[in-house]
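The values are calculated or read from the model by the stated rules, or taken from the named source; none is laboratory data. Since this is a predicted model, take the numbers as computed values, not measurements. Note: ideal-geometry Cβ built from the backbone for every residue, glycine included; neighbour counts use all protein chains shown. We work out accessible area using only protein heavy atoms, side chains counted, and drop any ligands, DNA or RNA first. Shrake-Rupley method; radii C 1.70, N 1.55, O 1.52, S 1.80 Å.
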Amino acid sequence: MYRRLFISAGLLVALATPASAQVVDTAAIIRNIQQQVESGQMSVEEVLARLQAAGVTVEQVRERLRQAGYPEDLLDRYLVPGAAAGAPALSTAQVEAMLQRLAIPSGELEVAGRAPTLADSIAMDTLALPTVVELPVFGRDLFLRASTEFTPVTMGPVPPNYQLGPGDELVLILTGDIQDIYTLPVTREGFVVIPNVGRVSVNGLTLDQLRNALYTYLGRVYSGIRVGPEATAFFEVSIGALRRNQVYVIGEVERPGQYEVTSVSTVLDALYQSGGPARNGSFRNIQVRRGDRIISTLDIYEYLTRGSAGGDVALNQGDVVHVPIRGRRVQVEGNVMRPGIYEVKGDEGLRALIELAGGVEPEADLRRVQIDRVLPPEQRQPGVGRSLIDVNIAALLDSGGEFVPLEPGDQVYVFAVSKERRNTITLRGSVWSPGVYAYTPGLTLAEVIDRAGGLRDDAYLSRAQIIRLEPLDLSRSMIPVSLLGERDVELREYDEIVVYSVSEFQAQRVVTIHGAVRNPGTYELRDNMTIRDLVLEAGGLTDEAYLLEAEVARIEEQPERPGDLTRIIRVPVDSTYVVSGAGASGGNELRDGEPSAAEFVLDRYDNVFIRSRPGFEPQRTVTITGEVRFPGRYSLQRKDEDLLSLIERAGGLTADAYPGGVRYFRVEHTVGDAGSHMARVNVDLIDMLDYSSDRNRLVLVEGDSIDIPEYITTVQVEGAVLYPTSVIFEAGKGLDYYVGRAGGYARDADSGRTRVEYANGAVQTVSGWFIFKSKPQPEAGARVFVPAKPPTAESEFQFRNMLALLTAITTMVIVIARN
């Protein structure tokens, strides 16, 4: 497991380090730390101290874990004081998942007999990056899932044929004339000692045989124990604890070695403890050796597919479970129930493979199953190393058919039937149930329309169309028909019938309303629809609606003057949304013969505009918070009301107010009306209060937000300084004073770009050079920020090596924590 952790460490470094960086022997670093930890020369605390000495922050560790796809708090228990109780630790399954995520099979990475270096990891990671999803090996997930399916029995009951032996523990219960219970361990010589009775040999006996023998032994001492109704004393014997056997699981298994199992454990129990067959292990020919002979052969596929575990025998002391190299492996994918990689025996062909895969899906095309085969060496030609074989398995699955052999490495693909349908007719348009219908020879147009529930009321009867596919050249022709008397037309396969609607040929009937209505837009024009009806459909008038008249723009079909597009009609309205009977007013009077304004009927494409009252505007509100006597939301009295007026209405500033730290925000709309956001406005409130004049006025607008804080006593110093901190503000002190209180400039500080961010949002930066340099003066509540110089190539190289060391050490922390 250590070797796998070393591999994952190297791979994580490869993911984080550019290929051009210098190679760092990460495995050597880990081995050195491991040796010192195991020998007691270094504690976990000292490992963490190395992280800190390397300048690695907790956030850098978290970022590295996020990039690798793991929880960012995975190492918090080792890096953050007090986090050990709740933070997660790595389990074996998580380590396996890490290796699988990085596309390196567990247990298979060796580099010339040595631990892999970072250079090896980079090279192997480059090859492993393509995200090709490999089919699962059938049976492998049985041993990967966390399950109690094969948890061995550690106490009774036991099978009827279980033979007692040294190491077992019996429980003897006496009832009736005698009340007692005894725990009886079976000695190495195979006997138990019963108080008052003596030694009783039990080796090789089943429980039933032991019960029969105990009637004789116990009856000699207790007269009430006898066979028959005359008995006055009774006994019961059972298994209290099972003996332990040492067995060996060897060969192609994940964790070969010696295992301790109970006396009723079987081959599957031992395989489960050892992790099951490895990548190259056999699932079909697992052998159990007892002494010099093979006593059983287990086929795991028989257990998984048929529930048969005939070869799953109980193991005795010293038994050897041997998993040989796998036999032929082939893969099947496509339209089968269980795609995967399967191991097939010598007498199993294509039919057996399909059965192992659970059979075919209903949509499988049994006439076309394809085998992609690697040709044997004697059949290969230059440039030709593979061949395709198409097989019709319909007969093969029904009656056995001809045997189709399989070769190692065969890739079998079961195709699906085509999604195209035959024997169809398509009906669309003005019928009650349009769709696809089944075609039968002699089917007529009338029959299809009848199946569709008949024609809709708006169907256009004079002409329908049949679009016909010509089978010779796949061209399409159009056959017009009349639905008034030609419904007996005989149809053909793949015909498409189109029934039109009368409404499709009618001109669009819409009117539009804009302006002071609740839901402006375009609406369907109905017969005899008036302005009043349209206003009601648009949700009614809004409060700012101008109630004297509405304006109707109507297309001028016969313009009186050349160039006229529309005729403007002004129609009076009132608050009841009913057109008044006073007649139209304005420049364009209603023409002779048109209805009165009260019954003004709209025409196609009329555009109605409801004006807003002159001078009407909704209330504008602003918010003021913080150190004023009456903070809250205020409505503006005038369009030109300014900030000082608002402060006066809010009762003025309190004694604790800090005018120099005012925070002023204003709503700004993005281009194209795509949204809005709050933008900071730099305000010098002290200057406004000192020099109240027109030039210092700040006119308020809708949505403005003002916050006046308490007096701030500190100046924050951050960035490339030795000790970022807060410094008590002292009037008259310059920029160098505050930087000096923070330890001075760091080695990589770019002092020429130092900036001061004032509490009111204003920003000033150091300007000029040499003796002409101008430095801004910090004020209370300001933030001094010293930027760092851009990293050079040398510093970037050192940082990469630091990250490599970070990954190595964090992986070592995982090793320590798990062991």
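The residue that is farthest from VAL552 (Cα to Cα), among those in the range 609-639 that are touching a Gly at 6+ places or on another chain (Cβ under 7 Å) and open to solvent by 80 Å² or more (accessible area, probe 1.4 Å), is ARG629.
Evaluating TYR738 against the criteria (1) within 14 Å of PHE785 (Cβ to Cβ); (2) open to solvent by 70 Å² or more (accessible area, probe 1.4 Å); (3) not small (Gly, Ala, Ser) leaves one unmet condition, (2). Annotation note: of PRO441, PRO434, PRO520, the sole residue that is open to solvent by 60 Å² or more (accessible area, probe 1.4 Å) and without any contact (Cβ under 8 Å) to a residue 12 or more places away in the chain is PRO441.
Taking strands (runs of 3 or more DSSP E) that do not extend beyond the range 379-466, which have at least 3 residues that are within 30 Å of GLU343 (Cβ to Cβ)?
In the range 379-466, the matching strands (runs of 3 or more DSSP E) lie at 386-391, 411-416.
Being crowded, with 17+ Cβ neighbours inside 10 Å and either touching a strand residue (DSSP E or B) at 6+ places or on another chain (Cβ under 6 Å) or among the charged types (D, E, K, R) (or both) is a property that ILE389 lacks. Name the residues in the range 333-368 that are under 35 Å from the mean Cα position of the chain (by Cα), open to solvent by less than 40 Å² (accessible area, probe 1.4 Å) and within 18 Å of GLY409 (Cα to Cα), would you? The answer is GLY334, GLY340, ILE341, TYR342, GLU343, LEU353, ILE354, LEU356, ALA357. In this structure, VAL756 does not satisfy being modelled with pLDDT of 90 or more, over 28 Å from ASP687 (Cα atoms), buried (at least 16 other Cβ atoms within 10 Å of the Cβ) and hydrophobic (A, V, I, L, M, F, W, C). Against the numbered list (1) assigned to a loop (DSSP other than H, G, I, E, B); (2) modelled with pLDDT under 80, GLY204 comes up short only at (2).
When you look at GLU549, is it open to solvent by 40 Å² or more (accessible area, probe 1.4 Å), charged (D, E, K, R) and out of contact with any helix residue (DSSP H, G or I) (no Cβ under 7 Å at 6 or more places or on another chain), yes or no? The answer is no for GLU549. Out of the residues in the range 667-703 that are open to solvent by less than 70 Å² (accessible area, probe 1.4 Å) and closer than 18 Å to GLY652 by Cβ, which is modelled with the highest pLDDT? It comes out as LEU700. When you look at TYR272, is it closer than 17 Å to GLU260 by Cα and not in a loop (DSSP other than H, G, I, E, B), yes or no? Considered against the rule, which asks whether it is closer than 17 Å to GLU260 by Cα and not in a loop (DSSP other than H, G, I, E, B), TYR272 comes out as yes.
Any residue that is modelled with pLDDT under 90, touching a Lys or Arg at 6+ places or on another chain (Cβ under 8 Å) and open to solvent by less than 80 Å² (accessible area, probe 1.4 Å) - is there at least one of those in the range 787-803? Among the residues of the range 787-803, at least one is modelled with pLDDT under 90, touching a Lys or Arg at 6+ places or on another chain (Cβ under 8 Å) and open to solvent by less than 80 Å² (accessible area, probe 1.4 Å), which makes the answer yes. Restricting ARG293, ARG306, ARG279, ARG255 to residues that are under 39 Å from the mean Cα position of the chain (by Cα) and either without any contact (Cβ under 8 Å) to a residue 12 or more places away in the chain or open to solvent by less than 10 Å² (accessible area, probe 1.4 Å) (or both) narrows the list to ARG306.
Restricted to strands (runs of 3 or more DSSP E) entirely inside the range 278-341, those with at least 3 residues that are closer than 30 Å to GLU363 by Cα are 328-334.
Restricted to strands (runs of 3 or more DSSP E) entirely inside the range 215-269, those with at least 2 residues that are of a type in the set (Phe, Trp, Tyr), closer than 30 Å to ILE194 by Cα and modelled with pLDDT of 90 or more are 233-241. Test ALA452 against the stated conditions and say whether it is in contact with a Leu (Cβ under 7 Å, 6 or more places away or on another chain), open to solvent by less than 90 Å² (accessible area, probe 1.4 Å) and small (Gly, Ala, Ser). So ALA452 fits the description; yes. For GLU556, the conditions (1) open to solvent by 70 Å² or more (accessible area, probe 1.4 Å); (2) over 30 Å from GLU447 (Cβ atoms); (3) more than 49 Å from the chain's Cα centre (by Cα) all hold with the exception of (1). Does TYR437 count as in contact with a Leu (Cβ under 7 Å, 6 or more places away or on another chain) and of a type in the set (Phe, Trp, Tyr)? In short, yes. Applying a threshold of 6 Å to beta carbon distances and a minimum spacing of six or more residues, or different chains, the list of pairs starting in the range 454-478 at a residue that is modelled with pLDDT under 90 and ending at one that is part of a strand (DSSP E or B) and open to solvent by 100 Å² or more (accessible area, probe 1.4 Å) reads LEU469/ARG476. Scanning the range 488-507 for residues that are of a type in the set (S, T, N, Q) and either touching a strand residue (DSSP E or B) at 6+ places or on another chain (Cβ under 9 Å) or in contact (Cβ under 8 Å) with a residue 40 or more places away in the chain (or both) gives SER501, SER503. With respect to the conditions (1) open to solvent by less than 40 Å² (accessible area, probe 1.4 Å); (2) in contact with an Asp or Glu (Cβ under 9 Å, 6 or more places away or on another chain); (3) not hydroxyl-bearing (Ser, Thr, Tyr), ALA213 falls short on a single one, namely (2).
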